[in-house]
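Engineer: My questions will all concern the structure given below.
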Amino acid sequence: MAISFKEKTVWITGASSGIGEALAYEFAKEGAILILSARRKSELEKVAQNCIALGGESHVIPLDLSVQAQLEEVADMVLVKFGCIDVLVNNGGISQRSMVIETPVAVDRRIMEVDFFSGVILTKKVLPAMVARGYGHFIVISSITGKFGFSLRSAYAAAKHALHGFYESLWAELHEKGIHVTMVCPGRIHTNISLSALTRSGEAHGIMDHAQSGGISAEQCAQKIMKAVKKQKIEVYIAGKELLMIYFKRYIPWLFFKLVSRVKPM
Ligand SMILES: NC(=O)c1ccc[n+]([C@@H]2O[C@H](COP(=O)([O-])OP(=O)(O)OC[C@H]3O[C@@H](n4cnc5c(N)ncnc54)[C@H](OP(=O)(O)O)[C@@H]3O)[C@@H](O)[C@H]2O)c1
């Protein structure tokens, strides 16, 4: 039977732009009840209006993924209001443009908080009700950087790798109880991710990198994610030729290590 998200409650973080926004529209077309979160309320409200026009119900709930107490408080409020979340899309994130040698630990920690711990915190909040009901789906936006590290991405790659360890364990524990996980590994997608990437000072990089602007659109990426989610795939890669590096690392490691320092990081 085809999977439908009609009237399913779908909570998307990072819904104010890029892949999260595009995914909100995919779920809205399905008739889902959307909870849209990120920091920029005004952007979320525009996305919410577009979702309503596409046939979805939408609720704007701003939050900052770097603040644990706020995440817990918001999650409690969401659970009271909606009862149970059917789908949690852990998408909100920040990238990095700085070398290990120059990056203060405070910057590494900020990236880990936003890209890894925020998902862990929200997952632990929504999971018990999912298990009690016997259904839940976690869509986790990792990266090809969750499969291999490369220059200027040390903390970002670490956070994305950590997501795989965490959610593979969750899947192993609970998939027989109706809990699904889809790990999404995009390559280069044309979004604002490089603009907000953290530099060594913790300031935003502020540049649309060539690699990003040459990537596929967020809309194409979201359509491919939806296809994989409907097939309940556990892991999906959405990338152009940069995908080859995953296969090189897995099957021809010597070639991977020869090439990886030549991958242009921007
Ligand atoms: N674009 C790519 O090439 C690419 C490749 C692989 C993986 N990804 C992953 O895809 C996901 C989405 O990124 P994107 O490419 O769509 O970039 P984007 O357009 O910059 O979107 C990032 C989203 O995360 C939110 N966000 C960032 N920091 C936050 C915080 N502290 N609290 C709450 N929300 C926060 C932003 O909203 P606010 O600024 O409003 O808070 C925004 O909605 C990220 O996890 C990223 O790592 C992207």
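The values are calculated or read from the model by the stated rules, or taken from the named source; none is laboratory data. What you see is a predicted model; the values in this text were computed from it and never measured. All Cβ positions, glycine included, derive from the backbone under ideal geometry; neighbour counts span all protein chains shown. With ligands, DNA and RNA removed, areas are computed over all heavy atoms of the protein, side chains included. Shrake-Rupley method; radii C 1.70, N 1.55, O 1.52, S 1.80 Å.
Engineer: Probe 1.4 Å, all protein chains in place: accessible area of TYR135 in Å², nearest 10?
Structural biologist: 50 Å²
Engineer: Pull up all non-local amide H partners of HIS59: gap of 5 or more, or a different chain, and H-to-H distance under 5 Å with H placed in the peptide plane.
Structural biologist: LEU34, ILE35, LEU36
Engineer: Which of the pairs LYS29/LYS147; LYS29/LYS233; LYS46/LYS233; LYS160/LYS230; LYS6/LYS233 have their Cα atoms more than 25 Å apart in this structure?
Structural biologist: In this structure, LYS29/LYS147; LYS46/LYS233 lie more than 25 Å apart at Cα.
Engineer: What is the dipole size for region 164-266, taken about its Cα centre, with +1 at each Lys and Arg Cβ and -1 at each Asp and Glu Cβ, in debye to the nearest 20?
Structural biologist: In total the dipole reaches around 400 debye.
Engineer: So, how do all the Cα-to-Cα distances of region 9-241 break down into 5 Å bins, in percent, from 0 on up?
Structural biologist: P(r) over region 9-241, rounded to whole percents: 1, 7, 15, 20, 22, 18, 11, 5, 2, 0.
Engineer: Starting from the residue with the highest accessible area, list GLU45, GLU73 in decreasing order, probe 1.4 Å.
Structural biologist: Largest accessible area first, the list is GLU73, GLU45.
Engineer: Another one. Evaluate 2.2 N^0.38 Å with N set to the residue count of region 178-243, then give the Cα radius of gyration divided by it.
Structural biologist: With N residues counted in region 178-243, Rg over 2.2 N^0.38 Å equals 1.31.
Engineer: Could you tell me the accessible area of PHE82 in Å² (1.4 Å probe, neighbours in place), rounded to the nearest ten?
Structural biologist: Ignoring ligands and nucleic acids, PHE82 comes out at about 40 Å².
Engineer: Another question, if that's okay. Per DSSP H run of at least 4 residues, take -39500 (n - 2.57); add these up for the chain, divide by its residues and hand me the 222 nm value, nearest 500 deg cm²/dmol.
Structural biologist: Taking each H run of at least 4 residues, the total per residue is -14000 deg cm²/dmol.
Engineer: Quick check for you: which residues of region 150-167 have the amide N under 20 Å from the point 7 Å beyond the Cα of ILE234 toward its beta carbon?
Structural biologist: Counting backbone N atoms under 20 Å from the label point, the list is 160-167.
Engineer: Something else about it: Just to confirm a number: summing +1 for Lys and Arg and -1 for Asp and Glu over residues other than CYS185 whose beta-carbon lies under 14 angstrom from that of CYS185, what do you get?
Structural biologist: Once all neighbours under 14 Å are counted, the net charge is +4.
Engineer: Could you order MET99, MET208 so the one with the most accessible surface comes first? Probe is 1.4 Å.
Structural biologist: The most accessible residue leads, giving MET99, MET208.
Engineer: Please report the carbon-and-sulfur percent of the accessible area for region 9-241; probe 1.4 Å, protein heavy atoms only, DNA, RNA and ligands left out.
Structural biologist: Using a 1.4 Å probe with all protein chains present, region 9-241 comes out at 54 percent carbon and sulfur.
Engineer: Oh, and also: Pick from LYS81, LYS41, LYS233: which is most flexible by mean-square fluctuation in a GNM of the chain where alpha carbon atoms under 10 Å apart are linked?
Structural biologist: Looking only at LYS81, LYS41, LYS233, the biggest GNM fluctuation is shown by LYS81.
Engineer: Now for a separate question. Give the shape of region 109-170 as rounded, prolate or oblate, defined through the alpha-carbon gyration tensor: a ≥ b ≥ c are the square roots of its eigenvalues, a/c under 1.5 means rounded, and otherwise the shape is prolate if a/b is larger than b/c and oblate if not.
Structural biologist: Prolate is the answer for region 109-170, as a/c is 1.5 or above and a/b outweighs b/c.
Engineer: Could you tell me what percent of the DSSP beta bridges with both partners in the chain are antiparallel, to the nearest 5?
Structural biologist: Bridges in the chain are about 5 percent antiparallel.
Engineer: Just to be sure I understand the curve: with the Debye formula and one point per C-alpha of region 63-185, what is log10 I(q)/I(0) at q = 0.13, 0.16, 0.19, 0.23 Å⁻¹?
Structural biologist: For the requested q values the scattering log ratios are -0.53, -0.76, -1.01, -1.30.
Engineer: Sticking with this one: What does the net charge come to around VAL131 if you take all other residues with beta carbon closer than 14 Å to its beta carbon, with K and R at +1 and D and E at -1?
Structural biologist: Summing Lys/Arg as +1 and Asp/Glu as -1 gives +1.
Engineer: Let me ask something additional. State in Å² the accessible area per residue of region 9-241; use a 1.4 Å probe, count heavy atoms of protein chains only, and round to the nearest integer.
Structural biologist: 42 Å²
Engineer: Over all directions, how big on average is the projection of the convex hull of the alpha-carbon atoms in region 143-266, in square nanometres?
Structural biologist: Its Cα hull, projected and averaged over all orientations, spans 8.5 nm².
Engineer: Please state the relative contact order of region 9-241 as a whole percent: Cα pairs under 8 Å, 6+ residues apart?
Structural biologist: 20 percent
Engineer: At q = 0.11, 0.12, 0.22 Å⁻¹, what is the base-10 log of I(q)/I(0) for region 1-119 according to the Debye formula with one equal point scatterer per Cα and no solvent? Please give it to two decimals.
Structural biologist: The Cα Debye sum returns log10 ratios of -0.39, -0.45, -1.20.
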